[in-house]
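Okay, so here's the structure we're looking at.
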Amino acid sequence: MKAAMFREYGPPDVVHIEDVEKPVAKENEVLIRVRAASVNPLDWHRVRGKPLVMRIAGGLRRPQPSRLGCDLAGQVEAIGRGVTRFKPGDEVFGGGLDLGTCADYSCAAETAVITKPRNVTFEQAAAAPVAAFTALQGLRDKGRVQAGQQVLINGAAGGVGSFAVQIAKWLGAEVTGVCSTRNVELVRSTGADRVIDYTKEDFTQSAKRYDAILDCAGNHSLSALRRVLKREGICIIATGPDGPWLGPLARFISAFAMSRFASQKFVPFIANPNAGDLTVIGELMAAGKLTPVIDRCYRLEEVAEAIRYLEQGHARGKVVITVGANG
């Protein structure tokens, strides 16, 4: 089978499509014929080997030969002996670290995937898991967003941000989205009550205060974000500047420190994929309350180009990889 692999650290050009052995489902796994996958910032960080802290698990000088991709949607090809929820032919979607989904086939734990809604395409389903997990868990669990609250999404046009606007609205919040000029109408179309064009207005200088901020951009200091939080407000930190050694971890450490000395809370956050929240995401998509925003679709042979585009930081919503003939 074909799979997107990288065997050295460097620019996206180090990613190649290789012939590799087709995986076999273990006892509690399903073998999935991948119909679509998506790329996430994690993929280009892994390829670059930056920040350097990421190399601790993957190899200091050279990475272990690795397949790319965390999100997928496709059809069950075979099941392990312990699998009870699926049968061959079922259409499923899901995600998790190190699934190697940019490939013809991928194995996943039975608990890592659920049935794909009939009214959702493979591309839409593959766009959702990691980004939607981040938005859902960040707002609902870390931000404790309630109906009627004021919520700001910084980076509202990106992969996580485009889901976050919709999920905040589902939770009943009044939502302000921050984005560039070209994305104002896009963010408004996802349900934002107010959209701030950051090229014309710095929201951190505004008199408006928010109950919760989901920071998907990392382009303002924590001190600046603190100025626009209410006294008991919560700022969920989903990313940070790409420093050479620790990358976003340096911002996460600063957030922990600031929370100890302020009434507002700064909460660093990395999503935790799980079947319960994947079910929530699937139900929201099936009901039309959550619609993935897809910027571009690339073929499996173009994974390097997809990662290069994502790395530029201007993607509107998600970047999707189509695998095989999708119809």
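Quick look at the values:
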item: Residue list for region 8-20, filter: under 18 Å from G74 (Cβ atoms) and either in a strand (DSSP E or B) or not hydrophobic (A, V, I, L, M, F, W, C) (or both); result: I17
item: I114 hydrophobic (A, V, I, L, M, F, W, C), surrounded by fewer than 24 Cβ atoms within 10 Å (Cβ to Cβ) and within 21 Å of A271 (Cβ to Cβ); result: yes
item: Residue ID - nearest to V323 (Cα to Cα), chosen from residues in region 82-106 that are among the charged types (D, E, K, R) and touching a Lys or Arg at 6+ places or on another chain (Cβ under 9 Å); result: D104
item: Every pair of residues 6+ apart whose Cβ atoms lie under 6 Å, when the first sits in region 177-191 and is more than 12 Å from G161 (Cα to Cα) while the second is in a strand (DSSP E or B) and among the charged types (D, E, K, R); result: T181/D197; V184/D197
item: Members of region 275-327 found to be polar (S, T, N, Q) and not in a helix (DSSP H, G or I), listed by number; result: T291, Q312, T322, N326
item: Strands (runs of 3 or more DSSP E) fully within region 146-253 counting 3 or more residues that are surrounded by 24 or more Cβ atoms within 10 Å (Cβ to Cβ) and either in contact with a Phe, Trp or Tyr (Cβ under 9 Å, 6 or more places away or on another chain) or at pLDDT 95 or above (or both); result: 150-154, 174-179, 210-215, 229-237
item: Matching residues in region 150-173 - criterion: being farther than 22 Å from H220 by Cα and not small (G, A, S); result: Q166, I167, K169, W170, L171
item: Selection count where residues are modelled with pLDDT under 95 and either out of contact with any helix residue (DSSP H, G or I) (no Cβ under 8 Å at 6 or more places or on another chain) or assigned to a loop (DSSP other than H, G, I, E, B) (or both), scope region 86-114; result: 5
item: Some residue of region 21-35 being of a type in the set (K, R), in contact with a helix residue (DSSP H, G or I) (Cβ under 8 Å, 6 or more places away or on another chain), closer than 19 Å to D104 by Cβ and part of a strand (DSSP E or B); result: yes
item: Some residue of region 287-303 being outside the structural domain of V145 (by TED's automatic domain parsing), surrounded by fewer than 19 Cβ atoms within 10 Å (Cβ to Cβ), modelled with pLDDT under 95 and not β-branched (V, I, T); result: no
item: Test result for V160, in the same structural domain as G191 (by TED's automatic domain parsing), out of contact with any His (no Cβ under 7 Å at 6 or more places or on another chain) and farther than 17 Å from I281 by Cβ; result: no
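The values are calculated or read from the model by the stated rules, or taken from the named source; none is laboratory data. This one's a predicted model, so the numbers in the text were calculated from it and none came from an experiment. Cβ: placed from backbone, ideal geometry, glycine included. Neighbour counts: every protein chain shown.
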